[in-house]
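Read through the structure below, which is laid out as C-alpha cells, and then see the notes.
Any read-out appearing in this document is the output of simple, stated calculations on the displayed coordinates, not a laboratory observation. Keep in mind the model is a prediction, meaning the values are calculated, not measured. Here the Cβ is made from the backbone with ideal geometry for all residues, glycine too, and neighbour counts use every protein chain on show.
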C-alpha cells in the first residue's frame, strides 16, 4: 500500500504562540526556558495532529526558533554563541544577511563561510526532537537541509562541496544511533540550473550511511541527475512540475514520493488529477514504492480552514490549510485502495462548485483586460523629459532623503484597530485617532528634516491585506497566519476571483497628510506583482492574467491620486524578484509579464508625476534589463546588509539610467546605526552610482520598529546625507 508523508509542518502556532514567546523573550519578559517550553508544546501538537490524521511519515527537526538555515549553520559548527544575535544583530555586530527562500515569501538567514571553513557537528537540533517525539510514542523522520543546498545558499569563500561530506556522514550516523531509520535530505537547489557533477559522488558517499535517505526536491523540476542517485526515496514536486513524472518513473530505483498536494497554496486538491499521477506511479513501480505527499513543507500555509467561519460559506469549502491537507493525504491513500467513487464524491463536489461559481468571473473585468493594446503600457515621455519636468515642479536637494512608507505600528495603533473591528470604537473616533497618528508622523519627519514625506500608514494592517480588503475578488481569513521570518507573520489575502477596484482606497488619507505640510507627500500603493505574490492566488487561470487585472485596479488609484495633486506616487514591487522561476528557461516569460504589469499600473501618470518603486532582498544581476524596463523614476532597494554590493548590478557597464535609493540602514534589526556608519555606506554607494541619481532612505518600511529606534536612526540618516552634501561643497 502507498504510504503518506509530510515534508514539514507550520511552526508559528495556530494563534502565533511562537511569535509572542520569542518577542517576550527578546523583551526580557520571559526566560529562554519559557520560550523552549512553548516550542516543545507546538512540536507536540503538530506531531499529534499528523498522527491523528493517519500520516505514515511525520517530520521532526523542521521546527526552528527563527530559521532552518541558521539552525543548520549552528548544527554544522559554522555559527556559534548567541543564536539570536545572528538573526537580529547586536550593538557591535549587524545581523546576517536575509533573503527569500527561493520564490516564496519566507526569508532565510544567509550563513557566511570561509574557504578554510571548519565543520564541527552539533547534532542536537536533529537528534533532540527525534527523541522528544519518540517519548510521545511518535516515530518521526528527521529533516536536514542537504549539503549542496546549504553551500549554494550560503555566502563567502565557499569550500568545495566534498568538504561537507564528513560532517554530514557524522550527522547521518548520529541520527541512526538516535533511532531514526530514515532521514529527509532537503535539496531544493537540485531544481536549479547547473547541478555540479560532483554531487553524484557526494551523495553516493552519504548513501552508504546506515540510514535510508529520502532526497527531497521541490519548487521546480529536479535536475535529471537526481533520478539516477542511489536514494531510498526521491521526492518530486508535481504541483509545480508535473512534467517530470515520466522521467522519474523511468529512472528511480527506490521509492518515489509524489508531491501532489500544493504545499504553498490553500485550494482544495482536485482528487482525480492527483490520483491520475498516483495511478501512473503505482502502475510503474507498485504501491509499495510510492509515497503520497504535499509538494513541499506545509510551512507556507496556515493551520486550519475550518476555523475561518467568517469567510463566505460558498468559498470556505474550496480552502485547504494544514489540517485539511493532512486529511487530503489520507483520503488519496484510502481512495487508492478502496471504493474510489464513494470516498471522493464530497471532494469532487467541492471542485465542481468552485469551477462553476459566479464568484470567480466578472465580465467587465475580463472585457477591460481583453481591450488592452501595447500603447496602454507606455508612459507619455522618456525618463530624461520626465526628470526635468519633475525637478521643475518640485526642486529637491542633492541626495534627497525619504523613507519607504510605513512608520511604527505601535501597540496604541493595534489596540485602536482591534477596538474598531470589535465595534468598541466608532468610525468617527477611529478616523480621528488615525488622523492624529498621521499628524505625529508628519511632524516628526519635518523635525528630522526629511525632504519627501510619507503619511506613515497607520490605517493599514498590512501592505497587501489593506488593498485586498478594498478590492473585489479577495477573501480574508482571521487565523490564516504564516511565518515570513523570525517572529514576523503575515496573513495573506485569498484571491479567489476577478479583481477590480470599486472606489478610491488611499486618496483621502493622502489628502489629509499633504494638508499638514508644504513638503511633497508620497502616495503609497502596493504593486500588482506584490499583491499577487503575497496572496494565496487562484489556480484556475494563468497568474499573468490575474496580475493584469490587479494592475488595472491599482492604475485606477494612481489616476485618482494624481488628480488630487499628488507629486510622488510609490508603487511598491517588493516581491517582483521573488516570483522569478527557478529555472532560467522559464524566467524571461515571467519577468516580461511582471514588468508589464507594473508599467500598466503607472502608464497613465503625467511626466511631472514622479513614480517611485521599492524592491526587497533581490539579487538583480540576472534581471537588470527588466529592472531598467520598469522605468520607475526612482527605485529604492534593500542594500545595507550587503554593504552596498547589490549596487554592483546597477553600476559598471549597465549604468542604470534612472534614480536609485539604496537602503542605508537595516530596519529588520533593532540596532540603531550611527551617522558615521550610514555615511560610510553612502560613500560606498557614491562609488557605484553618480551622486545626482542617488536618494537616501532606509532599507524598507519602519512598521516593525519602535519609535525609540526610528527617531535616532532617521536623525542619523539625515545627518549623514547633510555631511555628504557639505563634503562635496567643501
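Rounded if a/c is under 1.5, else prolate if a/b is larger than b/c, else oblate: which is the range 250-327, with a ≥ b ≥ c the root eigenvalues of its Cα gyration tensor? Before the final figure, lay out each step's value.
On the way: a/c = 3.60, a/b = 2.32, b/c = 1.55.
It comes out prolate by the Cα gyration axes.
In what sequence do 448, 482 fall when counting other Cβ within 10 Å, fewest first? Display every interim value, and only then the final one.
Details: 448 20, 482 23.
Ascending number of Cβ neighbours within 10 Å: 448, 482.
Would you mind calculating the relative contact order of the range 3-358 from Cα pairs under 8 angstrom and at least 6 residues apart, reporting the percent as a whole number? Working shown, then result.
Numbers: 642 pairs, mean separation 56.8, N = 356.
About 16 percent, as a whole number.
Calculate how steeply helix 271-285 sits against the longest principal axis of the alpha-carbon atoms of the chain, using the helix alpha-carbon long axis, and give the answer as 0 to 90 degrees to the nearest 10.
Computed tilt is about 40 degrees.
What is the spread of the Cα atoms of the range 607-730 along each of their three principal axes, largest first, in whole Å?
40, 38, 31
For residue 273 and residue 586, FRET efficiency with R0 = 22 Å and r from the beta-carbon atoms, rounded to 0.05?
Values: r = 21 Å, r/R0 = 0.97.
FRET efficiency, residue 586 to residue 273: 0.55.
Which ordering of 498, 608, 349 is given by a fewest-first count of other beta-carbon atoms within 10 Å?
Details: 498 23, 608 18, 349 11.
Least to most surrounded, the residues fall as 349, 608, 498.
Can you give me the distance in nm between label points at residue 357 and residue 114, each placed 7 Å from the Cα along the Cα-to-Cβ direction?
The modelled label-to-label distance comes out at 5.7 nm.
Computed from these coordinates, which is Cα extents along the principal axes in Å: [x] 175, 98, 64; [y] 73, 61, 52; [z] 93, 84, 47?
[y]
Which angle from 0 to 90°, rounded to the nearest 10, does the C-alpha axis of helix 322-337 make with the longest principal axis of the chain?
Once rounded, the angle reads 30 degrees.
Compute the separation of the alpha-carbon centres of the range 540-583 and the range 208-284 and state it in Å as a whole number.
35 Å
Suppose the chain between residue 539 and residue 366 were pulled fully straight at 0.36 nm per residue; how much longer would it get relative to their current alpha carbon spacing?
Residue separation times 0.36 nm, minus the Cα-Cα distance, leaves 60.6 nm.
Take every Cα pair under 8 Å in the chain that's 6+ residues apart, average their separations, divide by the length, and report that relative contact order as a whole percent. Can you show the working numbers first?
On the way: 1422 pairs, mean separation 93.1, N = 730.
Relative contact order here is 13 percent.
Of the beta bridges DSSP finds with both residues in the range 3-358, what % are antiparallel, to the nearest 5? Before the final figure, lay out the partial values.
Numbers: 4 of 33 bridges.
Looking only at bridges with both residues in the range 3-358, the antiparallel portion is about 10 percent.
Relative to the longest principal axis of the C-alpha atoms of the chain, give the angle of the C-alpha long axis of helix 411-421, reported between 0 and 90° and rounded to the nearest 10°.
That helix lies at roughly 80 degrees to the long axis.
At what distance in angstrom do the alpha carbon centres of the range 415-477 and the range 663-704 lie from each other?
After rounding, the separation between the Cα centres reads 26 Å.
Which order results if 444, 612, 626 are arranged by neighbouring Cβ count within 10 Å, fewest first? Before the final figure, lay out each step's value.
On the way: 444 18, 612 27, 626 21.
Fewest-to-most ranking of 444, 612, 626: 444, 626, 612.
Would you kindly state how much longer the chain becomes between residue 283 and residue 155 on full extension, computed as 0.36 nm times their sequence separation minus their alpha carbon distance, in nm to one decimal? It would help to have the intermediate numbers written out before the result.
On the way: separation 128, 0.36 × 128 = 46.08 nm, distance 4.37 nm.
Using 0.36 nm per residue and subtracting the Cα-Cα distance, I get 41.7 nm.
Calculated FRET efficiency, residue 419 and residue 674, Cβ-Cβ r, R0 45 Å, to nearest 0.05?
Numbers: r = 39 Å, r/R0 = 0.86.
Computed FRET efficiency for residue 419 and residue 674 comes out at 0.70.
Okay, which of the range 278-303 sit inside 18 Å, backbone N to the point 7 Å along the Cα-Cβ direction of residue 478?
302-303
Based on alpha-carbon centroids, what's the gap between the range 72-101 and the range 358-374 in Å, whole number please?
Taking the Cα centre of each part, the range 72-101 and the range 358-374 sit 47 Å apart.
Hey, rough spin-label estimate for residue 559 and residue 309, points 7 angstrom out along Cα→Cβ, what's it come to in nanometres?
Inter-label distance under the simple model: 4.2 nm.
If you restrict to DSSP beta bridges whose two residues both lie in the chain, what percentage is antiparallel, to the nearest 5? Could the numbers behind the result be given before it?
Working: 10 of 61 bridges.
The antiparallel fraction comes to roughly 15 percent.
Would you kindly calculate the mean projected area, averaged across all directions, of the convex hull enclosing the Cα atoms of the range 448-535, in square nanometres?
Working: hull surface 29.2 nm².
Its Cα hull, projected and averaged over all orientations, spans 7.3 nm².
Which value, in Å to one decimal place, does the Kirkwood hydrodynamic radius take for the range 3-358 when every pair of different Cα atoms is included?
On the way: mean 1/r = 0.0473 Å⁻¹.
Evaluated over the range 3-358, this radius sits at 21.1 Å.
Which value at 222 nm does the chain reach when only helices count, each DSSP H run of 4 or more adding -39,500 (n - 2.57), with the total divided by all residues and rounded to the nearest 500 deg cm²/dmol? Before the final figure, lay out the partial values.
Details: 24 runs with 293 residues, N = 730.
Calculated from helices alone, the mean residue ellipticity at 222 nm is -12500 deg cm²/dmol.
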